[in-house]
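Step one of this worksheet: look at the structure below.
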């Protein structure tokens, strides 16, 4: 009996040790790091095991305090970007780097509807007319045929790689015949009920034709940067009153009539003006059709969207454009992480998107000298087909690779401007991704990540970002 008792005691002890070891193994924290001054580029480091707690920065992840759901992270598939990708001799590998699990799994694309300043071919819209024809109110000449050359093939390849990929579409200009200048370059929308109705029909047909091509449009904006006009490339001014009236009187009702589920997003311009979107949302007739507002980084404070959300908590926030460029030389990830990837999600953004997805060695191809002449793409595609992954690739990747569509943002503390910055997200599979930035250029920073009663200590090098993944 004594031997049997000892054997049973040993078995129980072994089982307890096995359970404890299993628990500790499950409670480890995986780590990926990128830094501005060293060689780490989304480099996986040794996993962390729980440790004791101590004084210092604590990034406490609160599962019970939840904010917005995430739709995705990515960049714009401009005509130039699609042209560069389509003609690259290393296209398949580059597409995997951008959309595949072995790359950064981008989950959201911004699709310009027709021409911008970044073009592989001459700018166009989907209803361009010969000079002798003055209007096409019934959209008899509407076609997306030019998108079939290389834009649609690239989108379809991206969707094959990542079926969760979603698309927001935005025009830089209406067809020339809808404008006061009768030109794609600059000018204003030609106001009047017949033009407003035609523009709504134009947007509806775009969604329908893309759907026929096998591509769903998740959301649509009426106009990119509607307060801006430039005679050097496709642009158009669209007043908030006109945008409101198009949505209220034509676009919203047309979506209902045709059972279109695409979301209507307003504004799509800089942080420095909240009145444009606010005035539209003040009209209940328009607001009933609107899902949210979109924002750019080229003016105003980066925390603007947080205040705007507090005024309109039932409407979503989309961050849709910011560009890297030669004005920020070197491989610097701090601004993009602090202001965009972390900063915008902490201010209620469902998406964070850069401008051009892929440009060539000459920051193009471009239309003339208008627009941005020294913008960088998320990647640069060189003449031989090789690529350079720019800082923006990693700024996006530290989110998109680990934070999946429909993840929910969890609460983490806010510290000072030069202290650690963080954002945390819970995925549908239960995993939690915590993104942490050390913005300081003079020293490393140590901190603790607290999840489910576990404490994980880490020291992050200066000007570095880390994504930690926890699976309980």
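Values quoted throughout were computed directly from the atomic coordinates according to the rules given, and no laboratory measurement underlies them. Here the structure is a predicted model, which means the values were calculated and not measured. Cβ atoms come from the backbone with ideal geometry, glycine included; neighbour counts cover every protein chain shown.
Structure data summary
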| read-out | value |
| --- | --- |
| DSSP bridge orientation in region 71-405 - percent antiparallel, rounded to nearest 5 | 15 percent |
| Calculated FRET value between residue 257 and residue 284, using beta carbons and R₀ = 22 Å, to 0.05 | 0.65 |
| Cα-based helix-to-principal-axis angle, 2-26 vs the chain, degrees rounded to 10 | 30 degrees |
| Residue 160-residue 446 pseudo-label distance in nm [points 7 Å out on the Cα-to-Cβ vector] | 5.1 nm |
| Inter-site label distance for residue 140 and residue 472 at 7 Å from Cα along Cβ, in nm | 6.4 nm |
| Sorted by Cβ neighbour density within 10 Å, fewest at the top, the residues 97, 444 | 444, 97 |
| With Cα atoms, 0 to 90° folded angle of helix 193-212 axis to the chain main axis | 50 degrees |
| Rounded, prolate or oblate (a/c below 1.5 giving rounded, otherwise prolate when a/b exceeds b/c) for region 129-258 by Cα gyration tensor | prolate |
| Centroid-to-centroid separation of region 74-113 and region 279-314 [C-alpha atoms, Å] | 29 Å |
| Sorted by Cβ neighbour density within 10 Å, fewest at the top, the residues 392, 463 | 463, 392 |
| Residues listed by number, region 129-157, amide nitrogen under 14 Å from residue 182 label point at 7 Å toward C-beta | 129-136 |
| Sites residue 96 and residue 133, calculated FRET efficiency, Cβ-Cβ separation with R0 45 Å, nearest 0.05 | 0.50 |
| Inter-label distance, nm, simple model (7 Å from Cα along the C-beta direction), residue 66/residue 429 | 1.9 nm |
| Helical mean residue ellipticity (222 nm; -39500 (n - 2.57) per DSSP H run of 4+; nearest 500) of the chain | -7500 deg cm²/dmol |
| Region 411-460-region 151-176 distance, computed between alpha-carbon centres (Å) | 33 Å |
| Normalised contact order of the chain, rounded percent, pairs of Cα under 8 Å and 6 or more residues apart | 22 percent |
| Along each principal axis, Cα extent of region 71-405, largest first, Å | 49, 47, 36 |
| Stretchable slack from residue 314 to residue 419, in nm (0.36 nm times residue separation minus alpha-carbon distance) | 34.6 nm |
| Helix 151-161 axis, angle to the chain major axis (alpha carbon atoms, nearest 10°) | 20 degrees |
